[in-house]
Amino acid sequence: MSSPWPIVIVTGANGGVGFGICQRLLSQLCLKQPRDAQLQPLALSSDNADVSPPFSPCDGMTLIMACRSIKRAEAARVQLLNFLDARVAYLKTRPHYDGHAETFRKNVDIVVTQLDLAEIASVLRFADQVVSKYPYVSHLICNAGLASFSRLDWPVAIKETLLNPGGVPSRPVYIQHKGEESVDGFGWVWQCNFFGHFVLFRALESSLSKSPSTSRVVWMSSIEASPIFYNSEDWQCKVTDHSYESSKYQIDLIGNLLDRLASQDPTLTSSRHFVVQPGIVSTSISDALVGPLLNFVKLLSFYLARFLGSPHHTISPFKAAIPAVHVALAPLIFIIYLSGVLPTNSHISHTLKSQSDPERLPVRFGAETDWWGNERVGLTPVKEWNKFEKEAECLLERCNTLYETVKVTKRDSSAGS
């Protein structure tokens, strides 16, 4: 296989934001000049937004849906192909249609492969399959994740709604389980959200290094990621009552640290790393927790928050996917440029800094919408980076050491299963 087309892995691709990312990738690559690959409004408002390199059209792609449930993934694959066919049919009706969408459709290969992040042997088995089957990987989108919610914390939910109806809750409104472990003996939420993806990245480094262009690893964080709940002694998030927020903050730290290391010494890795967050999205999780009626009320409150001015209530997984697709498709020089521009009070006030500048505060690319629901990419700095930078380095060392152990012991058990 010698195609220079993108070979993209999306974890958790059968539902939620992962499915939205797959839809958005297909929808955008049907176009010779995808909108998601172009300058975003935040850059257009800055003084240095004259860097707009052209996008190289893709005549095809391989999309690997890495999912725990093959059955659900196969159903999602059918939905994606139907979505793509409808998209191509629509584009053919547009004035000045150039035929690119049909060419792209003929060369799209959507593949379902089993991956269970809660089991390291499954992660290594998946990586071995990818390495043996494909000549390279151009994009690894680490989207899959979970939270071990048990119930809604009604006193907190009511208080937050009354105090801040138009904004983002200042703290989580769901009560989480704690102390849960994976079959590997690690923190379950920690492994599913963070370490399983870390192992996947490390196991695929050889394939990522063979990409015709610089490969990209996209780490899915959350708007709720916070250092408030992070405890260095509980780095596997077994004891904390907030394993979701803590594990997502680790993604903020490690994703940005890996990219900083890559920019300072490209010989360390051929991949660039970018952290994204989807805003506040409506998924089936809360439906299972509170039931369809209260879930509908929640959805109405999301639209109310957007109406009152919140830019973070993306609601739709398709809209929430914009930052992941943007950093996947936009020319790399432009993404690096954006990484050096920080917003203050919703206005760009910092000039461009080098990605390797130690004074540059790391950022997350976030999904935002305007009052009408038109999506865009925003930027937010990683919280308390200066305070936790050394912790990020310590965490990376711990994870690398643990990876070196599990790649031997768990691959052996995988081979024997």
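The values are calculated or read from the model by the stated rules, or taken from the named source; none is laboratory data. All figures in this text were calculated on a predicted structure; none of them were measured in a lab. A quick note on method: Cβ atoms are made from the backbone with ideal geometry, for glycine too, and the neighbour counts reach across all protein chains shown. The protein model used for the area step is the full one, side chains on, heavy atoms only, and it has no ligands, DNA or RNA in it. Shrake-Rupley method; radii C 1.70, N 1.55, O 1.52, S 1.80 Å.
Points to keep in mind about this one:
- In terms of distances greater than 31 angstrom between alpha carbons, the cross-link table entries K238/K407; K178/K298; K298/K410 yield K298/K410.
- A simple count of charges around Q28, restricted to other residues whose Cβ falls under 11 Å of its Cβ and scoring Lys, Arg +1 and Asp, Glu -1, yields +3.
- The per residue volume of the convex hull around the alpha-carbon atoms of the stretch 292-337 is 79 Å³.
- As a rough guide to protection, the peptides 273-281, 125-133 ranked by mean Cβ packing within 10 Å, highest first, stand as 273-281, 125-133.
- When I64, I333 are compared by accessible area at a 1.4 angstrom probe, the order from most to least is I333, I64.
- Hydrodynamic radius of the stretch 55-151 per Kirkwood, over alpha carbon pairs, in Å: 15.8 Å
- Treating r as the C-beta distance of K133 and W372 and R0 as 35 Å, the FRET efficiency rounds to 0.20.
- Judged by the mean number of other Cβ atoms found within 10 Å, the most tightly packed of the peptides 362-372, 239-249, 205-215 leads the ranking 239-249, 362-372, 205-215.
- The order of the peptides 394-403, 217-226 by mean Cβ neighbours within 10 Å, most packed first, is 217-226, 394-403.
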